[in-house]
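Participant: Here it is, the structure in full.
The values are calculated or read from the model by the stated rules, or taken from the named source; none is laboratory data. It should be emphasised that the depicted structure is a prediction, and the values quoted were computed from it without experimental measurement. Backbone-built Cβ (ideal geometry, glycine too); neighbour counts: all protein chains shown.
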Amino acid sequence: MSTTNLFVELIVIGVGAATWVVLLVLALFGYAWVPVDRLFSPPAAIPLLAVVYVLGIISDRIADVVFQWRWNDDLLDLHYSDRADYFSDRRRILTQSERFSELLEYGRSRLRICRGWAFNSVLIAVALNAFLWSIKGEQGFAWAVSIAGSVSMLVFALAAWFAWRKLVMNEYRKIREQAEYLEQLSGSE
């Protein structure tokens, strides 16, 4: 995977993390103090992008731990009885086939993005509600946005989790199949 692809992947994940962080900050401190005109100016773009990138790294690592602890190991056990076999098959693909390696890395990028957004979407729903209930205003409007936003974010989280799960299951199956294929190729030479 190229460095540019990894950078973009972490930016995509970081946008979700930045969303819930900003909503929480606004819930805690209000929004009147935010210099919106300067915040979205060209000179502010690089520092904002850097913050989004770092939040993407942090969010990705936390989501990885949560998903590994809760779901990933169970999915791996469906395809591999021994983790060493999984890592051996993966190493074979990465060292013996450039095309299979590229496909593996592309798939891993997609699953990391889905995992990150499944994680971030839940936190966006929480932060959105914290923000809505911290501002003074029309309660009917806050209720409507709270319900619509919460349902939307939770459905999105579920969809991203489902996509992540399917991508992980596909990855383990493909790694086993591709490693067996590469082993057959090297055995026939």
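Participant: Check the stretch 113-130 and report whether any residue there is among the charged types (D, E, K, R) and surrounded by fewer than 20 Cβ atoms within 10 Å (Cβ to Cβ).
Facilitator: There is no residue in the stretch 113-130 that is among the charged types (D, E, K, R) and surrounded by fewer than 20 Cβ atoms within 10 Å (Cβ to Cβ).
Participant: Take Glu171 and decide whether it is in a helix (DSSP H, G or I), in contact (Cβ under 8 Å) with a residue 12 or more places away in the chain and of a type outside the set (Gly, Ala, Ser). Break it down stepwise before answering.
Facilitator: Details: in a helix (DSSP H, G or I): yes; in contact (Cβ under 8 Å) with a residue 12 or more places away in the chain: yes; of a type outside the set (Gly, Ala, Ser): yes.
Here the answer is yes, as Glu171 does meet what is asked.
Participant: Given the conditions (1) surrounded by 14 or more Cβ atoms within 10 Å (Cβ to Cβ); (2) charged (D, E, K, R); (3) out of contact with any Asp or Glu (no Cβ under 8 Å at 6 or more places or on another chain), and given that Arg92 satisfies all but one, which numbered condition is not satisfied?
Facilitator: Evaluating Arg92 over (1) surrounded by 14 or more Cβ atoms within 10 Å (Cβ to Cβ); (2) charged (D, E, K, R); (3) out of contact with any Asp or Glu (no Cβ under 8 Å at 6 or more places or on another chain) leaves (3) as the failure.
Participant: List the pairs whose first member sits in the stretch 35-47 and is over 15 Å from Val22 (Cβ atoms), whose second member is surrounded by 10 or more Cβ atoms within 10 Å (Cβ to Cβ), and whose Cβ atoms are under 9 Å apart, counting only residues at least 6 apart or on separate chains?
Facilitator: Within 9 Å, the pairs are Arg38/Ala44.
Participant: So, in the stretch 66-83, how many residues would count as being within 12 Å of the chain's Cα centre (by Cα) and farther than 14 Å from Glu171 by Cβ?
Facilitator: Counting residues in the stretch 66-83 that are within 12 Å of the chain's Cα centre (by Cα) and farther than 14 Å from Glu171 by Cβ gives 1.
Participant: Could we say that Phe29 is within 22 Å of Phe131 (Cβ to Cβ) and surrounded by fewer than 13 Cβ atoms within 10 Å (Cβ to Cβ) here? Walk me through how you get there before you give the answer.
Facilitator: Numbers: within 22 Å of Phe131 (Cβ to Cβ): yes; surrounded by fewer than 13 Cβ atoms within 10 Å (Cβ to Cβ): yes.
When the stated conditions are applied, Phe29 passes them.
Participant: Does Ser59 satisfy the criteria of being surrounded by fewer than 17 Cβ atoms within 10 Å (Cβ to Cβ) and in contact (Cβ under 8 Å) with a residue 60 or more places away in the chain?
Facilitator: It is false that Ser59 is surrounded by fewer than 17 Cβ atoms within 10 Å (Cβ to Cβ) and in contact (Cβ under 8 Å) with a residue 60 or more places away in the chain.
Participant: Check whether at least one residue in the stretch 54-69 is of a type in the set (Lys, Arg), modelled with pLDDT of 90 or more and in contact with a helix residue (DSSP H, G or I) (Cβ under 8 Å, 6 or more places away or on another chain), and report yes or no.
Facilitator: no
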